[in-house]
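Novice: Sending over a structure as structure tokens; questions will come in a sec.
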Amino acid sequence: MLISWNLFLIALAFLYFLTPGIFPAWNFFRFPHVASESFGLAIMGVMILIPGFVVSLHVPQVYGYYLISKWLKELILLTPLLLIVSILCSVHLGIVYPRIDSIIWNTGYVTLFVSLVLLILPIVLGFGEEMR
């Protein structure tokens, strides 16, 4: 779960900040020194991991309140793969900018959304059990 939440934050940042059409004033390419650096994407990922570390401190506490079934744990194992696909789509969109590839954009967005649903699903199901 910790890796998945950190990857989610990185995928979210990459999807929105590597595509300048979303936030024209706030994007990766506004920092040409970092964008042209060989390890510019890695630098951006590390900058995202710093607030991700704060999230990681609270994730075990939230999931600790609920029982998570074995099938749900197996389903949640898909999230890192989905998030890596989203990150790769974002990197591709950043490379081909200013050209826009809507299939890649939609793939990145859908994999990001599905992974978020999978990450929140144990909390929603646990809350539903408690309400019953």
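Novice: Just to be sure I understand the model, the point goes 7 Å from the Cα along the line to the Cβ. What's the resulting Trp71 to Val55 distance in nm?
Specialist: Here the modelled spin labels are 2.8 nm apart.
Novice: For Met47 and His92, what is the calculated FRET efficiency with R₀ set at 25 Å and r taken between the beta-carbons, to the nearest 0.05?
Specialist: The pair Met47/His92 has a calculated efficiency of 0.75.
Novice: With a sphere of radius 13 Å drawn around the Cβ of Ile68, what net charge do the other residues whose Cβ falls strictly inside it have (Lys, Arg +1; Asp, Glu -1)?
Specialist: Once all neighbours under 13 Å are counted, the net charge is 0.
Values quoted throughout were computed directly from the atomic coordinates according to the rules given, and no laboratory measurement underlies them. Please read all numbers here as calculations on a predicted model, not as lab measurements. Ideal geometry is used to build each Cβ from the backbone, glycine not excepted, and the neighbour counts take in all protein chains shown.
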